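The values are calculated or read from the model by the stated rules, or taken from the named source; none is laboratory data. Owing to the predicted nature of the structure, the values given are computational and were not obtained by experimental measurement. FYI the Cβ positions are ideal-geometry reconstructions off the backbone, even for glycines, and counts take in every protein chain you see.
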Amino acid sequence: MTKTVLMIEDNANNATLVKRILAAQAETIHVAHAWDGETGIQMAVEQQPDLVLLDLGLPDIDGQTVAAFIRRIPTLAHVPMIAVTAWPEETAKEMVRAYGCDDYIGKPIDPRHFAKTVMAYLSPSEPA
């Protein structure tokens, strides 16, 4: 069964890295990519992803606003959302709680940690 991950990320290098990491994890992961917050919200509504990876520093709308919009949509309210940010760890943890995200992954991305965290949300019944 294919799982859809919506990545809202404006940095091309980070987007490429995420796609490569997830492609190596399973052929059944489809990565949809939005370059900005407005497109990300639209794609979330249209595609109903299994997981949202949200860069908090987007060019058009800040991550807090994107997260709030997604959480207000009844069909997306319980979709896991992981903030992906270069903010310091303590700040990131505070923002995750404030924004309604389920977790965060720090930048620069550690491929092993990233894969383990994402797969834990995509396959919650399997040990990560």
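Odds and ends about this structure:
- Filtered residue count, region 74-92, keeping only those that are of a type in the set (Val, Ile, Thr) and at pLDDT below 95: 3
- Restricting region 108-120 to residues that are within 15 Å of ASP55 (Cβ to Cβ) and touching a Leu at 6+ places or on another chain (Cβ under 8 Å) leaves a set whose member that is surrounded by the most Cβ atoms within 10 Å (Cβ to Cβ) is VAL118.
- Top-ranked residue in region 73-93 [being of a type in the set (Val, Ile, Thr) and either surrounded by fewer than 18 Cβ atoms within 10 Å (Cβ to Cβ) or not in a loop (DSSP other than H, G, I, E, B) (or both); ranked as nearest to the chain's Cα centre (by Cα)]: ILE82
- Any pair with Cβ under 6 angstrom, 6 or more apart, that starts in region 10-29 at a residue that is closer than 16 Å to ARG112 by Cβ and ends at one that is in a loop (DSSP other than H, G, I, E, B): LEU17/ILE109
- Between VAL96, VAL5, the distinction of being touching a residue at least 12 places away in the same chain (Cβ under 8 Å) and either in contact with a Phe, Trp or Tyr (Cβ under 8 Å, 6 or more places away or on another chain) or loosely packed, with under 15 Cβ neighbours inside 10 Å (or both) belongs to VAL96 only.
- Some residue of region 18-32 being hydrophobic (A, V, I, L, M, F, W, C), under 18 Å from ASP102 (Cα atoms) and not in a helix (DSSP H, G or I): no
- Scanning region 59-69 for residues that are crowded, with 22+ Cβ neighbours inside 10 Å and over 20 Å from ALA120 (Cβ atoms) yields GLY63, VAL66.
- ILE105 meets each of the listed conditions (1) of a type outside the set (Gly, Ala, Ser); (2) more than 16 Å from VAL5 (Cα to Cα); (3) surrounded by 15 or more Cβ atoms within 10 Å (Cβ to Cβ) apart from (2).
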